[in-house]
Amino acid sequence: MTAADIERVRAELSRLPIFPLPAMALLPGGQIPLHVFEPRYRRLVRDCSRGAGVLGLACIPDGEEGVGDPTRKPRILPVLGAGVLARIERLPDGRSNIVVRGVLRVRVEREHEASEPYRLVDAIALSDETSESDAARADSLRRVIFALCTAQRTPASAALAQIAGRATVPGELADAVAGAVIEDPSERQAILETLSVSRRLSRVERAVSAALALTAGSASSLRN
């Protein structure tokens, strides 16, 4: 995530195209692959690729998709991840495979009247809330991560160690590790909505500690 990406996304927030999906949370620094087949989202990808290449991935809450009138816009959660098109693979029939890279947390302020087949919103960027304890919590999380990676000794754990080593600030560390370790969509959305870096680090550390405990338990079972 570069300063240029941040400025590029910020510049598009007043008319941010969104891709609403169930069980989806795009964290800053994370990447999500998508297969695009609906005509309105083919149009979204086409327009984005011809423009700034910026879009948001919005989470549709459980039970909202397809309720009632199929032409109705499903409700979306107001905090979402805004990012950039990192890769586009166009297919012969008009579909495409894309990768969206997260850049910012944003909150939807209002939705624009329909002018395109896809939805456009006015959003504001959300900033991390930092505290004096963040650095110590980040060090604690790194220790737990390296303990997990030492216990596992797999390509995935080696990649996680690299992710933890590259993060330069506590908020970035929390997001990067959450994106790599946490699979539950509701927990990822909770991480996305947590602006306090200290609380975010605590949530992620609990997830990594649980994974470490599971690994230790599996190893003990094998020995017995």
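Couple of notes before you dig in:
- Across the range 148-173, the qualifying residues are those that are open to solvent by 60 Å² or more (accessible area, probe 1.4 Å) and within 22 Å of residue 80 (Cα to Cα), and the one among them that is farthest from the chain's Cα centre (by Cα) is 169.
- Options 221, 186, 157: the member that is out of contact with any Phe, Trp or Tyr (no Cβ under 6 Å at 6 or more places or on another chain), among the small types (Gly, Ala, Ser) and at pLDDT 80 or above: 186
- Neighbours by Cβ (under 7 Å, 6+ apart or cross-chain): first from the range 126-143, within 21 Å of residue 208 (Cα to Cα); second outside any loop (DSSP other than H, G, I, E, B) and polar (S, T, N, Q): 133/198; 134/198; 137/198; 137/202
- If the condition is being open to solvent by 20 Å² or more (accessible area, probe 1.4 Å) and either in contact (Cβ under 8 Å) with a residue 12 or more places away in the chain or outside any loop (DSSP other than H, G, I, E, B) (or both), then the range 1-19 contributes 1, 3, 4, 6, 7, 8, 10, 11, 12, 14, 15.
- Selection status of residue 176, closer than 14 Å to residue 30 by Cα and either surrounded by 13 or more Cβ atoms within 10 Å (Cβ to Cβ) or of a type in the set (A, V, I, L, M, F, W, C) (or both): yes
- Verdict on residue 201 being more than 21 Å from residue 23 (Cβ to Cβ), touching a residue at least 40 places away in the same chain (Cβ under 8 Å), outside any helix (DSSP H, G or I) and touching a Pro at 6+ places or on another chain (Cβ under 7 Å): no
- From the list 150, 168, the lone residue that is β-branched (Val, Ile, Thr), without any contact (Cβ under 8 Å) to a residue 12 or more places away in the chain and assigned to a loop (DSSP other than H, G, I, E, B) is 168.
- Single condition residue 47 does not satisfy, out of (1) on the phi > 0 side of the Ramachandran plot; (2) in a helix (DSSP H, G or I): (1)
- Test: residue in the range 66-86 that is more than 19 Å from residue 6 (Cβ to Cβ), assigned to a strand (DSSP E or B) and touching a residue at least 40 places away in the same chain (Cβ under 8 Å): no
- Those residues of the range 102-132 which are open to solvent by 60 Å² or more (accessible area, probe 1.4 Å) and basic (Lys, Arg), in sequence order: 107, 110
- In the range 55-95, of all residues being surrounded by 15 or more Cβ atoms within 10 Å (Cβ to Cβ) and modelled with pLDDT under 90, the one that is farthest from residue 11 (Cα to Cα) corresponds to 64.
- Summed over the range 20-43, residues that are assigned to a helix (DSSP H, G or I) and surrounded by 20 or more Cβ atoms within 10 Å (Cβ to Cβ) total 1.
- Filtered residue count, the range 88-121, keeping only those that are in a loop (DSSP other than H, G, I, E, B) and under 30 Å from residue 194 (Cα atoms): 3
The values are calculated or read from the model by the stated rules, or taken from the named source; none is laboratory data. Treat the numbers as computed from the prediction; the structure is a model and nothing was measured. No Cβ is skipped: glycine too gets one built from the backbone with ideal geometry, and neighbour counts run over all protein chains shown. These area figures cover heavy atoms from the full protein model, side chains too; ligands, DNA and RNA do not enter into them. Shrake-Rupley method; radii C 1.70, N 1.55, O 1.52, S 1.80 Å.
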